[in-house]
Structure formats: structure tokens, C-alpha cells
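Trainee: After the C-alpha cells below, expect a handful of questions from me.
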Amino acid sequence: MPDSSDTVLGDVMHKWAADLFKVCRSLTGPGVRESLSYLTNLLPDLTTHGVSTGTKAFDWAVPEEWTIREAYIEDESGRRLVDFNENNLHVVGYSIPTDLWMDLEELDAHLHSLPEQPDAIPYVTSYYSRRWGFCLTHKVRQLMKAGRYRAYIDSDLKPGIMNYGELIIEGDTEDEILLSTYICHPSMANNELSGPVVTTALARWLTSLESTRYTYRIIFVPETIGSVLYLSRHFQHLQKATVAGFVVTCVGDDRTYSFLPSRKGESLSDRVAEHVLKHMVGDYDRYTYLERGSDERQYCSPGIDLPICSIMRSKYGTYPEYHTSLDDLDLISPAGLEGSFRVLQTAIQVLEENYHYKAAFRCEPQLGKRGLYPTLSKKRNTDDTRLLMDVLAHADGDMDLIGLANHLGQDVTTMLPIIEKLREAKLLSRVT
Amino acid sequence: MPDSSDTVLGDVMHKWAADLFKVCRSLTGPGVRESLSYLTNLLPDLTTHGVSTGTKAFDWAVPEEWTIREAYIEDESGRRLVDFNENNLHVVGYSIPTDLWMDLEELDAHLHSLPEQPDAIPYVTSYYSRRWGFCLTHKVRQLMKAGRYRAYIDSDLKPGIMNYGELIIEGDTEDEILLSTYICHPSMANNELSGPVVTTALARWLTSLESTRYTYRIIFVPETIGSVLYLSRHFQHLQKATVAGFVVTCVGDDRTYSFLPSRKGESLSDRVAEHVLKHMVGDYDRYTYLERGSDERQYCSPGIDLPICSIMRSKYGTYPEYHTSLDDLDLISPAGLEGSFRVLQTAIQVLEENYHYKAAFRCEPQLGKRGLYPTLSKKRNTDDTRLLMDVLAHADGDMDLIGLANHLGQDVTTMLPIIEKLREAKLLSRVT
Amino acid sequence: MPDSSDTVLGDVMHKWAADLFKVCRSLTGPGVRESLSYLTNLLPDLTTHGVSTGTKAFDWAVPEEWTIREAYIEDESGRRLVDFNENNLHVVGYSIPTDLWMDLEELDAHLHSLPEQPDAIPYVTSYYSRRWGFCLTHKVRQLMKAGRYRAYIDSDLKPGIMNYGELIIEGDTEDEILLSTYICHPSMANNELSGPVVTTALARWLTSLESTRYTYRIIFVPETIGSVLYLSRHFQHLQKATVAGFVVTCVGDDRTYSFLPSRKGESLSDRVAEHVLKHMVGDYDRYTYLERGSDERQYCSPGIDLPICSIMRSKYGTYPEYHTSLDDLDLISPAGLEGSFRVLQTAIQVLEENYHYKAAFRCEPQLGKRGLYPTLSKKRNTDDTRLLMDVLAHADGDMDLIGLANHLGQDVTTMLPIIEKLREAKLLSRVT
């Protein structure tokens, strides 16, 4: 189990990502089950749920299950120009089966490439409209000559099961923190294997703790339909129980940190995220909810309104490798993954300690008799004594610890020992 | 009837102004009646009301009625140096009758001119203190030689009637929008024939509509005493019914647009005015309520507190021709009048559509099955799809359309087709 | 009695400070009583209270009473290197009695000097831990050679009395304004004889008034333990009665003005202080509550929450002479004391007039018939007429006078004659 102080945690996470990279995931199908099975080895208490095709979820229904076995484009000489076995991005997600010979001209309507990124295979899906297609680099596409080609896709699209994973770690209270990540992306790394592996590391760390204040609800779902389905089943409970939460996505590279707030902003999640990013990272990109793009679209939707935001590295849609084969294992790094883990871990630690505090006495207490104040009064107090006095001077129970830290221009992490000292001295107590 | 898309509407309004220009209006008297009679030809449902001299209105009383027939200054040779027939600004408003020969020295106390604008005849009134006087250009005044002059004013000042016009266009609801303009200024154009003619065009457009959501209350009153009198009769009803409104004044030139907020600001009127000015005009002068100067002084006064603001071109008091004979038909233009009409018309159209909208489903709806979303998922959505999704993502019924548009950085006008599309698809509904 | 227009008031206050300068004050003891006795000559109604050692006050207890008679360091030749009779800062406050010969090395642990201010004797106390010590200039300390020295302190530390002064000036209402200053500092001038002498001048001025709206509670207490004790006895009454108040400290030099807000800020005290400083001073230093350091620490503490702020000159802790012998009678000046007096006096005058005002009429009143408006309407109103109209236009009873002045960008002091004129004309009334 990764220890929070383990400097090789980044390597461990990167290895998990490498193990999972080749698996062809989609909204549904064997690749999802294989991935959840791998994660269950790491998280023995992870439960895999299955939901039948056609199950209603608000305006949606669970789609058919898609199985892909083989797919290629072959020329008349039998040479395979595009082969699913080489890269599972080569086939459009949810492609129906096909086996047809046709002219390049006709085939062309089924091909996707990126002229401005000639070495990248784009990631294309067609979940809700039946079609088939291939994705390839623009370089290869340009080499294809007029002639006959065979488009072969051995896939199934039929009633089945949509799977997702759920892990609930009971805390001292029924208040919950939600971590949500998605497992529907095939061979890409920042978006998205980084989310599942960092979430797995967080889950292992949380499981290893003797106890937690909050209950942790950690879910691995296919994006959109998975979170919509999950919400359709649990939103009333979640609305009551959820005090904070994060969509864990795009947490693998090491180019930047970024933040995307919840819809209404200023929730506990937003406040802890920005507090921790400010003090641990300093300089980070701050997006608005208008730039949303992952499952916060569901969690924060009108009528759901959960306090969910995202702490990320390079955000989906903003980096050149996004949704292409260039978003690979080289794009993410052990350091990138570990940095994200530390920031999210710290955010959780701060949430666990984020009580409202109240001073035990009216007026300043006499710190000297408790050894908390120099008995000799000279010109200046030390910074620590000053901070201790500032905490007491503002501890009226109205502000939570994050609010108090922000008001004092301090990092919660550096304040915790002082809070502890004051609680031990019975000068400060948590408001319950 | 001017059509809202009629490109010659500006010319039509300018002609109305030209027709009305020569009429000598004041707080009371035949000039007001003649003007209201002209407007009644354009607005058959306009009702002219009369209120007797002495009628109480809060701290005020309706003044005596003033009739002016002739006024001039004549020298001993019989030459008329100043003649009311040439410009009705030549006589101080509400001058009592006089017919006296006197030295220039004595006459001088009754003369008004502007040394810094030697070609301008100033506009001067003395409504509530009995006096007589003449206004003239400083050039002419300087040419007057010592000698005897005859000051002749053939006027009446006696108990009579104060008139105002009122047009109520019933809407689907009893909520009202107030348009108020004033008809007490003699031969001046931006301040003030532009207000009555643009208001008339708006009234004709509103009358031509099959139906409106709001009831429109449109009044043509003498400034100050007219609005005070009107409020003294109707303020309780207006406080209950009025959702928004505008004082229509100084809307004729084409030098600038400007905005003067209601006293408390942030009312629906202020919000729609600033939204429309921002998107239709971009750059406009924003005044504060401390720079008020027209009938918003009454509508926004303590105890009245109606949500009334002003959308103007060059504001009263800010342009050199203000309250002089230089504020003539050349100062206003068809384009200036038409631009003001379009902005006010758009503000009204936005008010009519300014509902609170609520999404039909929790979570995002499945747009693809409704043809509102590309079925093939690639890297980027179009701007229209994005805007449509942004509308749904924020439609929690809390924000009105103007608030939603401002939040999304959009123009209500460009959002309306998307709102319509979503309502047709039953994905969005008005909160009632 | 100092008259508020007396230009020599600064000299009078400076003389009081000079009279009191030599007295050796501390938390307790004869020096405090001597000082209170001097002030009672100036304020006949000042009551001196005594509280016994050991009396509980929240987390504190009244300390033993300290009497100091003599203290010196003598070398073997009988020469006194440090002598309490020359400057009472030479002995550490609350030093226990001692009479010991020792090597310089051993003595050194009991010596306090400031290497970076070699000519300054520092001010050091040890109220709550029994020790003894001497303070001296670094220059003298460096001249002390190895050898034997006698440390002699003739003091008492035994159960006794802690004294404070209290003066209550009854007003027309039971709402109170609190002035608090402290009397525990020995021979220093800005911090702190300036506070007691300016407070005394304010008390004399208030006593001289025929009547006041507010009741004034003026206390002279030892810092911290004095205000804590006072609050422990009166906080419930003070929470109900106190509408505003000031800690009067560091009001003697003439280098700057400064402001330290109450903990929550935006109280009436903060608002009047900033209004008056802005208009009387213009440029002043604005501290935050995090830079607090005097008795506002108690008055604004959680559970007390009185609206107390400080208007100061050079704030404690910010000027080089602070808490040393350099903070002497030359550091403060008659002009500095008088300027502080005027600002605090004006703040009190503004508080006395700070009513909510309501216009008598809906709509604008007719000012002309009351001689408050020119009867001849020309292009521009005078500034005074404009201000008068602005007051009426905003007098809805919601804003207090300070709020109204701030909204209009005016100084309350310049508005008062206009308020008076409008009240006389029965156009404006106070909201009660």
C-alpha cells in the first residue's frame, strides 16, 4: 500500500497506468470489466455494479454493450494499413460490425484524422448513433492511394451490462466526501488513466487510516452516462450527505495545476481546493464553470447541485495531445501523478480538520501561565506567539478553519499544530 | 404606422419634431393642448387630461394657466429688436403681461443672454415667481444702445387647466412598464421634442403588436409638476404594478448614448438598460443618480421609489446647445432618433422575454437524440452547441434571462433563438 | 476648562503630560494612584475604583500590588551605573526585591538593552513571572567591565489593590460611547501619556456641554488586566448599551494619523473614524485588526464584540522610539496632541448628529416657495442648492448621516448646516 510519505508512490501509480494502458475501454464492455478487475486487486473492497441496457437515468438510457475484437483496413494486396491491434484508438468507439470492400472515395467518409497533427490518431466515438469508422494519423491517410480497401470490424453491439465501481469507506460521521473518476477512455494517459490511478492511490491511503471524520464515496464510472446513472439512483442521498467532492481527471502530466470550480462556486470543495492550491502550488490556472467538460456537468447541474469541483494538471481540451494517441504514457509522469496525489490528499486532510473553533474564554486568556507566552514583555512577539494569539482573537465559532486561515493569510497546514496546542490547553474547542 | 424594421422611421420622427417645433409649449396653455392634439392624431387612444389650477399634489399646487400671444422689444423708431414671433424662446416662460417704455438701463434687469454663447438665445422660465423678461442673443444685446425701449408682452396668467396625455396599452398581465416624457419645452429639439416623438413611435409600435406580456403606461406630462401631479394620483397603483420604466428624454442627437440609473440602481430597468446598451452600443456614458435632472427625480424619490431610469443620447446639461436656441432641428437627426428608438424598443423586447427559465431534467439531457448535439464526439463543440449547453447547465430558475445572459457573457437577443429551440424541445420551461 | 476653540489646548495637554511624566506607573501601586489623583483634579467627577489582588476576571486574576522605592546597580567603588531615580524605565516592571553582589557574568542575565538603539533604555516588564532585572542603554552596558556589582531593588510585591478611574457623563439616552485609555505605562509619552491627557481633555469638553445625546463612559485602566477586569464586571451592560467607542492611545506625536478597525469592521465606530479621518486628515495609515495591540484586543474579543476601534498618530510598535526612553516629552507635541483631540472631538460630534433622516414629502418639495431655490430657472444650480436637493433626494430614512454623506461624497461637517436648514423648513425629520 502506498504510504503518503513514500517517494516512489509516483512510480507505483505510473506502473498501474502502464498496466491498464493497453486495455480497450469504452462506456461498456469487457475492457471496463478488465480494468475494474485490476483495480479490485488494489482495492479489495471495491464493488463492481452492473446495470442493464435500457435502464432509464433521467433523460438517458443505458446503451447497448459494445465488444470489439478486431478491426482493420486492408488493401487489395492484403496489407493492413490501420489495425486495432496496434492501437485501440484506430476504431471509432461503438463502431458497428462491418466487412466491406469499397473504393477509397467511399471509405473516406469513415476516416478521421487531424491534418494539423499529422502524427496523432484522434479519439472519436459514436455512442448514440450507429455508425462505423476508423481513426488514423494524417500521414498514413495521405499515403493511401485510390483503389479498393476492405473495412473490417469484428464488434458486437447488443443488450448487455454497463459496469461501474463503487467503494464506500465509512467514517465517524455520515457526512460524505465524493471522489469520482471515469473509466471509459481507451489508450490515453492524462485523459484518462491518471484519474483512476490517482483515485486508487487516494482510496488506498484513506483505507489505511485508523479512522476518518467523513465517509468517503469513491466511484469509477463511465463518463456522462455513468455519472447520470449513478445520480439517478443516489442523488437524494448525495444531496443530503455530500459536504465536498472532486472529479478526479487529468491529473497526470506535470506542466501545470489547474482548478475548475463548482457551478455556484464558493462551496467547501472550492474553498479547500483554492486554499490548498494557493499554498502548495502558488501559481495555477483558474478556469470558470463555463469551461467545464467532465462529470461536474452532471454533479453541478440544476436540481442536483452537488458541491463538486476539479483540481487538475493540464485540463482536458487545453493541451495539444488531448484526445489523441499523443496523450500516452510519456505525457504523464511519476512526479506529475504524485504531485496531484499530494494536493488532493492535502485537500482531504484539510477537510478532515476543517472545524469551526471557539475560544474558551471571553477576552484574551492569560497565555503566560500556560507557557504559551513569554513572561518577559519586550518590544516584539515571535511569529508563532502572534499566530496563536490571532487564532484566539478570531475564534468566535463563525469561521471554519479554512476561512480563519484565509483571513489570517495563513496555510491551514501550518496552523494545525497551533490549533492542537490550543486545544490541549483547553483554550480552544471545536463547535459541534 | 412606423414598422420596427422601417429604415425611414427616423425621417418620420424628425418630421413630427419639425411639425411640433414652432408650437410654444410651457407647463400649461394652448401650446400644450395643440401639441397633445397633434400626438392624438398619431395615437388615437391617447387621452388628454386636464387638472385645475390650485389642485394639490404633495407639496405642490397646479399653477395658473399661461397664455402668450405676442411679445417684443421695440425702440423709439418702432424697430423690433426682439420678437416672440421669430423665436418663442425670446420671452421668459410664464412672463406676466407688460407694456412699458423704459431706459435701457432699467430694461437690462429683464434681459437674459449668454456672453459665452453670443449667438444663442437662452431658455429661461419663472414658473413660480411673477416676473417678466426677454431672452436674446448676446450679440443683439450688445448692439442695443442707450435710449428708450418698449417692452411689450401680451400674455395671460390666470386660473385654468394643466393638461397631460395618457395612453394605456393593456397587456396579458397587470404588471406595467412606464414610459414618461415631457411636453413643456418650447422650441428646442433634443431637450425636448426628441422624447415625445420617440415615445410616440414606441407607443405606435406597441399598439401594433398582437399582444404584449406587460401593460404599457405611456404619459406625456409637463416636467416636474406634471409627474408630481401624476404620482400624487397614481403612486400607490404604480408602486404595485410597475416592473420597469424609462424617462424618455434627450434621445435625438447622434453624438453619444448615455445612461442614468434609478436611485437605488440594480432594478430591472437598470439591468435591461445596461444590458442592451452594452450589446447594442458598447461604449456609452454612465452617469450616477447624483447627476439626475429630469422626472426620475420624482419617480425615484423617497416614498415613491419606482424603478425608473433613463437611456439617453447627449444628456441634458452636458452639451453646449442645452437649453438654448441652438438645440434646434439640426441638432437632432433621423439617425439619432432612430437609434434611440431601436435601443428602447430592444430594451422592451428583452423585458417581454425576460423570464426565469428552468431545465426540464436533472443532469444534462441527451441532446443527441433530439438532433441538438453532434452524434460523433470529436475534440470541440461548435459555439452554438456550447451556448445551448451553457443555458441548460445554468437554468435553475434562479436567474432571469438578463442575469443568465450576463453570466454567460452573451447578448439576450442572440440567446432568444436558442431559448426558443430548447423550449420547443421541452428541455426548458418558463418559471411562472 | 479647555474650550474646543482654544488654540492653546495643545499646550495645556502637553503640560499635563509633563506633570505626570516622572510618576512611576505600573499595573498597580502608588504611581497609578498618584496619576489618578492628578486627573481627578482635572475631572472632579472621576471615580477611582480599587480591586483586590486575586479577584478573578475571566481567565485572569488581579496581580499583587507592586511598590518600587529605589533600585540601582553599584560597582565596588560605590558608583551607581544604573539608577531608578534617574529614569524609572531602568528597573524591569514588577521586579521582586533584591540586594546581591555578583559578577558581571551573572548579572548579565538580568540586564536588558538594545544593541540597535544604543542610546535607548528599553521598557521591560515581568508582570506574571517573578524575576528582577534592569534596563539600560547599550552604551552604558558596553562600558561595564568584568567585576563585582551590587544589584539593589527595594520593592514590594504583595496582596493589595489594582486601581482604575471611571467617569460616566449621563446623556439624553442610555446609549453609550466608550472611551478607554491606559495608565500603566511609566515614563513614556506617546505610548502612553498621550492617551490619558487627550482623553481627559475630551472628558472636560464633554462635561462642559449643556447636554449630549449619548452617555459617555470614560475609563482609565491598566492595559489588558484592567480592561479584562472592567469587562468581566460590565460586559453584559456594555454589549447592550455601547453604540461606539475608541481606545485612545498613541495620540501625541505629529508624524501621521492612523486607524485600526474593530475586529469585524464596518461598525459605527469604524465608519465615523474613517469618515472623519478622510475629511479632516485625508492621508492616514490604515491598519488591519491583525495589527492590533492595545485594549481593543479585549473589547473586540469573541464573546465581547464591542464596536471599538482606534484613531491614533504613530501606532505602538511602528515607530523607533516605541517602548523605550526615547518616547519622551519631546516626541509628543502640543500640535500633535491637539490634532488628535480635534479628530476625536469631531468624531464624537458627528456621532451626536448621526441620525437617520427622512424627507417630509413624497416627490421633491417645492423649494422655491421657501426661498431655498432660485425662482428663475437657468442652466445651472449652485452647489449648495444641489447638495440640499441631493439630501432630500436620498432621505428615505435608510441611511444614517454618515452613510448619506459618504454616498454624496461629502463631509458630514459641511452637511450639518444644510440638514439644519431643511429641518427648520420642516422638509426633513429625524427618524426615531
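Trainee: Where both partners of a DSSP beta bridge lie in chain C, what percent of those bridges are antiparallel, to the nearest 5? The partial results should precede the final answer.
Mentor: On the way: 42 of 61 bridges.
Percentage antiparallel, nearest 5: 70.
Trainee: Can you divide the C-alpha Rg of the range B:118-197 by 2.2 N^0.38 Å and report the result to two decimal places? Write out the running numbers ahead of the final one.
Mentor: Details: Rg = 19.8 Å, N = 80, 2.2 N^0.38 = 11.6 Å.
Dividing the Cα Rg of the range B:118-197 by 2.2 N^0.38 Å gives 1.70.
Trainee: Need one word for the range C:161-212: rounded, prolate or oblate. Basis is the Cα gyration tensor (sqrt eigenvalues a ≥ b ≥ c); a/c below 1.5 gives rounded, then a/b vs b/c decides. Could the numbers behind the result be given before it?
Mentor: Numbers: a/c = 2.96, a/b = 1.85, b/c = 1.59.
Prolate, because a/c is 1.5 or more and a/b exceeds b/c.
Trainee: Relative to the other copies, what are the label-point distances for A:Thr173, with labels 7 Å from Cα along the C-beta vector, expressed in nm at one decimal and sorted shortest first?
Mentor: Ordered by increasing distance: 4.1, 4.1 nm.
Trainee: Could you work out the local net charge near A:Ser333, counting Lys and Arg as +1, Asp and Glu as -1, over the other residues with Cβ closer than 9 Å to its Cβ?
Mentor: Working: positive: none; negative: A:Asp253, A:Asp254, A:Asp330, A:Glu338.
Cβ neighbours under 9 Å give a net charge of -4.
Trainee: Provide the per-residue ³J(HN,Hα) series for the range C:85-94, in order, calculated from phi with Karplus coefficients 6.51, -1.76, 1.60 and θ = phi - 60°, each as a whole number of Hz, with x at glycine and proline positions.
Mentor: Those phi angles translate into 5, 7, 7, 5, 6, 4, 9, 4, x, 6 Hz.
Trainee: Only Cα pairs within less than 10 Å get springs; with that Gaussian network setup on chain C, which residue of C:Lys139, C:Lys369, C:Lys158 has the largest fluctuation?
Mentor: Per the Cα network of chain C with a 10 Å cutoff, C:Lys369 tops the list.
Trainee: Expressed as a whole percent, how much of the Cα-Cα distance distribution for the protein assembly as shown exceeds 57 Å? Let's see the in-between values first.
Mentor: Working: 379413 of 839160 pairs.
In whole percent, the long-distance tail amounts to 45.
Trainee: Please determine, in degrees from 0 to 90 and to the nearest 10, the orientation of helix C:9-21 with respect to the longest principal axis defined by the Cα atoms of chain C, where the helix direction is its Cα long axis.
Mentor: Value to nearest ten degrees: 20.
Trainee: Would you tell me the mean number of C-beta atoms belonging to other protein chains that fall within 10 Å of each C-beta in B:175-183, as a whole number?
Mentor: Working: counts 0, 0, 0, 0, 0, 0, 0, 0, 0.
Average per residue, whole number: 0.
Trainee: To the nearest whole number, what is the average tally of beta carbon atoms from other chains within 10 Å of the beta carbons of peptide C:123-130?
Mentor: Numbers: counts 3, 4, 4, 5, 5, 8, 5, 1.
Counting Cβ atoms of other protein chains within 10 Å of each residue's Cβ and averaging gives 4.
Trainee: Here's a follow-up. For B:Arg263, list long-range residues whose amide hydrogen, built 1.01 Å from N in the peptide plane, is under 5 Å from its own amide hydrogen.
Mentor: Counting only residues 5 or more places away or on other chains, the set is B:Ile308.
Trainee: Please compute, for the alpha-carbon atoms of the range B:66-158, the extent along each of the three principal axes and give them in descending order in Å.
Mentor: 35, 29, 22
Trainee: Cα axis of helix B:225-241 to longest principal axis of chain B: angle in degrees, 0 to 90, nearest 10?
Mentor: With rounding to tens, the tilt is 20 degrees.
Trainee: Restricting the count to DSSP beta bridges whose residues both fall in the protein assembly as shown, what percent are antiparallel, rounded to a multiple of 5?
Mentor: That works out to approximately 70 percent antiparallel.
Trainee: Along the three principal axes, how long is the range C:356-430 when you take its alpha carbons, biggest first, rounded to the nearest angstrom?
Mentor: Ordered largest first, the range C:356-430 gives principal extents of 33, 23, 19 Å.
Trainee: What does the convex hull of the alpha-carbon atoms of chain A project to on average, in nm²?
Mentor: Average of the hull's projected areas for chain A equals 23.3 nm².
Trainee: Moving to a separate point now. Comparing B:Asn163, B:Asn87, B:Asn190, which has the greatest mean-square fluctuation in the GNM of chain B with Cα pairs linked when under 10 Å apart?
Mentor: Evaluated over chain B, the most mobile residue of the options is B:Asn87.
Trainee: Another question, if that's okay. Give the chain A residue with the shortest beta-carbon distance to the rotation axis relating chain A to chain B, plus that distance as a whole number of Å.
Mentor: A:Glu266, 12
Trainee: Averaged across A:278-291, how many Cβ atoms of other chains sit within 10 Å of each residue's Cβ atom?
Mentor: 1
Trainee: Right, another one. For every helix of n ≥ 4 consecutive DSSP H residues, a contribution of -39,500 (n - 2.57) applies; sum these over chain B, divide by its total residues, and give [θ] at 222 nm rounded to the nearest 500 deg cm²/dmol. Walk me through the numbers on the way to the answer.
Mentor: On the way: 12 runs with 134 residues, N = 432.
Here the helix-only value at 222 nm equals -9500 deg cm²/dmol.
Trainee: Let me ask another. For the range C:62-73, just list the computed ³J(HN,Hα) in residue order, Karplus coefficients 6.51, -1.76 and 1.60, θ = phi - 60°, integers in Hz, with x standing in for Gly and Pro.
Mentor: Coupling constants for the range C:62-73: 4, x, 5, 8, 10, 10, 10, 10, 8, 6, 7, 10 Hz.
Trainee: Run the numbers on chain A and let me know its relative contact order in percent, using alpha-carbon pairs under 8 Å that are six or more apart.
Mentor: 17
Trainee: While we're here: Scan around B:Leu81 for amide H atoms under 5 Å from its own, H built in the peptide plane at 1.01 Å from N, and keep only partners 5 or more places away or cross-chain.
Mentor: B:Ile73, B:Glu74, B:Asp75
Trainee: Next question. When each copy gets a label point 7 Å from Cα toward the beta-carbon at A:Asp45, what are the spacings between them in nm, shortest first?
Mentor: In ascending order, 7.1, 7.1 nm.
Trainee: Kindly write out, for the range A:321-334 in residue order, the coupling ³J(HN,Hα) from the Karplus curve 6.51 cos²θ - 1.76 cosθ + 1.60 (θ = phi - 60°), rounded to whole Hz, with x marking Gly and Pro.
Mentor: 7, 3, 6, 9, 5, 6, 7, 10, 5, 7, 6, 8, 9, x
Trainee: Using r as the Cβ-Cβ distance of C:Lys139 and C:Asp283, and R0 as 30 Å, what FRET efficiency do you calculate, to the nearest 0.05?
Mentor: Values: r = 37 Å, r/R0 = 1.23.
For R0 = 30 Å, the calculated efficiency reads 0.20.
Trainee: Something else now. PRE reach from A:Thr48 (point 7 Å along Cα→Cβ): which of the range A:158-202 fall under 17 Å by backbone N?
Mentor: The answer is A:160-168, A:182-186, A:196-197, A:200.
Trainee: Amide H of C:Arg131: which non-local residues (sequence gap of 5 or more, or other chain) have their own amide H closer than 5 Å, using H built in the peptide plane?
Mentor: HN-HN under 5 Å from C:Arg131: C:Ile96.
Trainee: Now a separate question. If the label for A:Asp154 sits 7 angstrom from Cα along the Cα-to-Cβ line, what are its distances to the same label in every other copy, in nm to one decimal, shortest first?
Mentor: Sorted ascending, the copy-to-copy spacings read 11.2, 11.2 nm.
Trainee: Out of the DSSP beta bridges found with both residues in the range C:66-158, what percent are antiparallel (nearest 5)? Write down the numbers at each step before the final one.
Mentor: Details: 19 of 22 bridges.
Around 85 percent of the beta bridges assigned by DSSP in the range C:66-158 are antiparallel ones.
Trainee: Now, a different point. How far is helix B:30-42 tilted off the main Cα axis of chain B, in degrees rounded to 10, range 0 to 90?
Mentor: Relative to chain B, helix B:30-42 is tipped by roughly 30 degrees.
Trainee: Run down the lysines and flag those whose C-alpha is under 24 Å from the C-alpha of A:Lys145, throwing out any fewer than 8 positions away in its chain.
Mentor: Leaving aside lysines fewer than 8 places away in the same chain, none come within reach of A:Lys145.
A short reminder: the numbers here are calculations on the coordinates, not readings from a lab. Just so you know, these numbers come straight off a predicted model, no measurement behind them. All Cβ positions, glycine included, derive from the backbone under ideal geometry; neighbour counts span all protein chains shown.
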